[in-house]
Every structure is written in structure tokens, then in C-alpha cells.
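The block underneath contains the structure these notes are about, expressed in C-alpha cells.
The values are calculated or read from the model by the stated rules, or taken from the named source; none is laboratory data. Keep in mind that this is a model prediction, so the values were computed, not measured. Cβ placement follows ideal geometry from the backbone for every residue including glycine, while neighbour counts extend to all protein chains displayed. Surface accessibility is based on the protein's heavy atoms, side chains included, excluding ligands, DNA and RNA. Shrake-Rupley method; radii C 1.70, N 1.55, O 1.52, S 1.80 Å.
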Amino acid sequence: CIELRLDLFQPAPADLALPVLLTPRHPDEGGDARCIDPEHRADLCRPWLPFASAIDIEIDQARAMAEFLAETRSAGLVTVLSYHDFATTPETPALEERIRTGIERGADIVKIATRTETVADVDRLLGVFQSFPKQPLAIMGMGPQGKPSRLAAARLGSVLNYAAIDTPTVEGQWEASEFAQRLT
């Protein structure tokens with residue numbers, strides 16, 4: 001699967017051989033400042049819908065983007081609702097509440113990405129798999145413990161595992177070929 005960060009560029013649609021995850025990331029969770037308006041975000045995605053398999057919208061923006069998410073569901077796209085915390089890994093109850101909110105707002109997959117400074121952060125982040133054994137989750141750490149958290153999450157069943165084709169976009173992200181090699 002290839003993630004297209006549409007908040008960072010908007011190339012013309014092309015025939016891609018891999019599934020495409022469209023991500024018009026909101027600035028509150030690391031996206032470009034131009035992606036604050038829900039209609040602008042939807043407009044960035046629309047040319048790509050025929051080529052896409054999934055859409056990633058933040059849990060906190062799902063209500064503002066509800067009409068567009070209904071459009072993407074009608075087009076057969078998988079809905080990924082995500083939460084990013086670039087400062088810390090919240091305590092378990094807060095992580096679990098984010099996941100429940102994502103489910104309530106219509107997520108097929110809930111994505112949680114947090115800053116992992118310590119092994120305890122990684123343990124807390126990965127612990128959500130036990131609380132939601134039947135819910136498809138994409139779990140990953142960023143920061144000093146990002147790389148080990150991503151390997152462990154992939155092995156525990158994270159349904160999406162993000163790696164960079166070239167230069168990582170966040171600390172703790174693997175380069176794709178190295179990540180694939182480590183998983184085997």
C-alpha cells in the first residue's frame with residue numbers, strides 16, 4: 001500500500017500498481033496548514049478517488065469530514081481514522097478512548113501514532129491490541145523508540161505499517177526496504 005500525503009503535494013493521477021491510501025493530513029496532527037478546511041481537503045482527494053483503496057482522516061476531524069467520508073465509503077474505500085500525538089504516549093485509558101471514538105465515528109481501521117521515548121511508552125502503546133482484539137488497528141511509535149515499536153506492532157498484528165520510500169518523515173520511521181527485511 002502506498003500512502004499519498006495529499007497535504008504535501010498534488011500530482012496528477014497516475015496508474016499505480018499498489019493500493020493507495022489517501023491522506024490529506026490536518027495541521028493539528030502534522031499536516032500542511034492549507035489542509036485546515038474540510039472542503040479543501042476533500043477537493044485534494046477527489047481526483048485520486050478512482051485510484052484509491054483507503055482514506056485516512058483524523059478521528060477529531062471525522063465529524064467535520066462526515067459528508068466526504070460518506071462519499072468515500074460509497075466509492076468502496078476503507079476508512080482509516082487516525083490520532084497522532086507528537087509529544088507523548090498518553091496513558092492507557094486515553095488511548096482506549098481514542099480508539100473507541102474512532103470506532104464510533106465509523107473507522108474500519110483505527111490508527112494510533114504516538115511519541116515513544118521509553119520502553120514503557122512502547123508497552124503502553126502496544127497494550128491496546130489486547131483491549132481491542134477484533135478491531136483492525138494500525139499502531140506505531142515515533143521518536144527514540146519508534147523503530148522497535150513499529151516492528152513489534154507489525155508482529156502483533158498492526159494492519160498498516162508505515163515506512164518511508166526514501167527519507168523518513170518522522171523520527172523513528174524505517175526506510176521501507178530495511179523495514180521489510182527486518183520483518184522477514
query: Here are some values of Cα Rg over 2.2 N^0.38 Å: [x] 0.98; [y] 1.21; [z] 1.08. Which one was computed from this structure?
result: [x]
- line: Rh (Kirkwood, all Cα-Cα pairs) for segment 98-184, Å, reads 13.1 Å
- request: May I ask which residue of Leu137, Phe51, Thr79 lies farthest towards the positive end of the charge dipole of the chain, with charges of +1 (Lys, Arg) and -1 (Asp, Glu) on Cβ and the Cα centre as origin?
  value: Leu137
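Can you give the accessible area per residue of the chain, in Å², using a 1.4 Å probe? Walk me through the numbers before you get to the answer.
Numbers: 8800 Å² over 184 residues.
I get 48 Å² per residue for the chain.
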query: Tell me, what is the percent relative contact order of the chain, built from C-alpha pairs under 8 Å that lie six or more residues apart?
result: 13 percent
query: Residues of segment 43-68 with amide nitrogen under 19 Å from the 7 Å Cα-to-Cβ point of Glu97?
result: 58-63
Positive dipole terminus of the chain, leading residue within Pro38, Val119, Val170 (C-beta point charges): Val119
- prompt: What's the long-distance tail for segment 48-144, i.e. % of Cα pairs beyond 23 Å?
  reply: 26 percent
- request: Please get the size of the charge dipole for the chain, origin at its Cα centre, with Cβ charges of +1 on Lys and Arg and -1 on Asp and Glu, quoted in debye to the nearest 20.
  value: 500 debye
- prompt: Percent of accessible area on the chain owned by carbon and sulfur, 1.4 Å probe?
  reply: 53 percent
